[in-house]
Amino acid sequence: MSSDPRGRQLSRRTLLTTATRVLSVAGIGILAACGQTNTASSGTSSAATTAATTSAASSAAPSSAATTASSPTSTAAATTSSLTTSSTLSGSSTASNAATSSAATSSAGTASSASASAATTSASSAATGTGTGAAGGASLGPAGTVNYVAHKDVKGNINFWHFWGSPVRHNTIRGIINNFQAEFPGVKVTDTAYPFGDIWTKNLAAVAAGSGMPDVIVADRPSLRFTGKSGVYQSLDTQFKQDKIDSSVFWPFTWTEATLNGVPYGIPYETDIRVLYYNKAALSDGGLDPNTPPKDWPELDASAPKLDKKDSSGKLQQIAFYPNWGSFDISQWAWNNGGEWEDSNDNPTVNAPPNVAALAWEKTWFDRYGYAPWTALKATFTGGNQDGFMNGKVIMKADIGGYISFLNFYNPSFMTKDKKNLGWGVAPIPPNTGHKPASLSGGFALSVPKGIKDLAAPWEFIKYAVFVGQAAWAQGTYAMPTVQSIARDNPTLNGDPNWKFLVDAMSYGRPAVYNQYTDNLLKGLGDAESNVQQGKQQPQAALDAAQQVALQQVALQQVAQGKAKK
């Protein structure tokens, strides 16, 4: 997967293009709206974290890896300490070291069954709880009561496809699978980890061929309204209603994304929130308060002269921040300036003044460092604890909450000039003055591909993973559960103030842009940002061009769907 934060959207649009070609050949009807490739941004995880993010999780796996779970593994529950209201974490804390040790044991596959069982017990308790959503953002509306009913006499074999090939994530999902098999002795689950994106291409080919598809797959949730209607996945409405599941238990936007006209084509599994990570030692060395990170664009801008470093030849050695590195880009920065990409009637507003102003703000950072010097610095970032942030070359980055699990795993030192390890901190995304923080909340769903005949065992596995397993998944990966009560009430998760911070931050989360006519509304946005970054276009001209692309996409799909305006 590309280090470009637009990689996931690119994969999604490429997926939909492939869907059109493959399923059309197979005679399966598909919306023309799915037939375009998009380089647009929705701000997902960068490969700079090397599978160190939930969204990009197992792009690290170079090839598929099939495993039949046979021994319980640790879910590496992390409980860490907070130092300030921005939920800062000291990299030298005992709790952090313990979390790292636990994660390392999990990755080696030698953790005790007691650890996995404890995670499941905690998850089972959370599944019976209730919670209320705070007003605003992703948490609109009260959460309902989870009505999880298990039919443990079910029998069958399940092939489960995912993309969680990194040690932390693969061992965590295997622990969940093992616990499921212990409670459902008549079911055997074989999991296969494919590289991110490839999983959906392979599934499309299998669905078109009518064989070889998995029984359960991790689906891209923001695309489900297109891929469900197009025949890639099948409806789970009958199963959902039979078990009397209350959809209000989920964060509202996750359920909306998983359904089309109220019909679920998958059950939401994990979401996320983006936050600002900052190197406390570097802030201290730069004369800034290590416990008070920038709260808005002006403060972020003002930090740069105090944090940037060059060597004697003028080569970049350390920079304060880079706006489209990590898990953020113009698609979300515009939200932080009051911008929107479409109006209430699905008309594109790509070149609206707030969006142009946001791209102009990004340009000040692009120009500050220069494209070639930035590219050279970025080339020194490798995987693991040399990802750019952990090695101290970029002092602040916007990334998903799941990045905490990898900070815990690698436990990097953030040392001041006088050899004090101040660690790292997390804070809300800084918006422009006068605006509130905003972040994409992405995520996935567990779906059943079209062509699977017997849904009994797959449905039980999906329910278990969602209503029980997500607590263990969150403990191991810091991914936000889609079930609100697990996120808010699970005692192990909420023993960590950093987790409480992430739950609170969900109040400014937003779903991906959705347009009823096309999944390609932001097709030109990636090029617009890149052209400004490289000095090829000015922000206004770049977004004017992207607006024309958006208008063309909407008009094209309106015609294809017979909905063209008279």
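Calculated from the alpha-carbon coordinates, the stretch 252-376 shows an Rg and a Dmax of 18.8, 62 Å respectively.
Ordering T364, N347, S331 by the projection of their Cα atoms onto the charge dipole of the stretch 325-370, which places +1 on the Cβ of Lys and Arg and -1 on the Cβ of Asp and Glu, puts T364 at the extreme positive end.
How fast does the stretch 461-566 diffuse by Stokes-Einstein, in µm²/s, taking the Kirkwood radius from C-alpha pairs at 25 °C and 0.890 mPa s?
D = 141 µm²/s.
What the phi angles of the stretch 184-195 give under the Karplus curve with 6.51, -1.76 and 1.60, with θ = phi - 60°, is a coupling list of 10, x, x, 10, 10, 10, 10, 9, 10, 9, 9, x Hz, glycine and proline written as x.
Go through K397/K420; K188/K244; K315/K417; K229/K397; K155/K229; K295/K378 and tell me which ones have a Cα-Cα distance over 31 Å in this structure. In this structure, K229/K397 lie more than 31 Å apart at Cα.
Here the Debye sum runs over all C-alpha atoms of the stretch 393-544 as equal scatterers in vacuum, and log10 of I(q)/I(0) at q = 0.09, 0.15, 0.19 Å⁻¹ comes out as -0.48, -1.08, -1.27. Once backbone amide H atoms are built at 1.01 Å from N, V263 has no partners under 5 Å, excluding neighbours fewer than 5 places away on the same chain. The 3J(HN,Hα) values that the Karplus relation (6.51, -1.76, 1.60; θ = phi - 60°) gives for the stretch 159-164 are, in residue order, 9, 10, 9, 8, 10, 8 Hz. Gly and Pro appear as x. Of the trypsin sites (Lys or Arg not before Pro) in the stretch 391-488, the ones in a loop by DSSP (not H, G, I, E or B) with at most 11 other beta carbons within 10 Å are K417, K419, K453.
For the stretch 134-284, the spread of Cα coordinates along the three principal axes comes to 57, 35, 35 Å, biggest extent given first. Assuming charge only on the beta carbon of Lys and Arg (+1) and of Asp and Glu (-1), the dipole of the stretch 377-441 about its Cα centre is about 180 debye to the nearest 20. Entry note, the stretch 195-296: relative contact order of 22 percent, from Cα contacts under 8 Å with a spacing of 6+ residues. In the stretch 173-235, a dipole from Cβ-located charges (positive for Lys and Arg, negative for Asp and Glu) runs towards its positive end, and of V187, I173, Q234 it is Q234 whose Cα lies farthest in that direction.
Each residue in S439, S312 was given a count of other beta-carbon atoms within 10 angstrom of its own, and listing them fewest first yields S312, S439. Close amide H pairs (under 5 Å, H built 1.01 Å from N) link F389 with V394, residues at least 5 positions away or on another chain.
Every number here is computed from the coordinates shown, using simple stated rules; none is lab data. What you see is a predicted model, and the numbers here were worked out from it, not measured in a lab. Note that we place each Cβ from the backbone using ideal geometry, even for glycine, and neighbour counts take in every protein chain shown.
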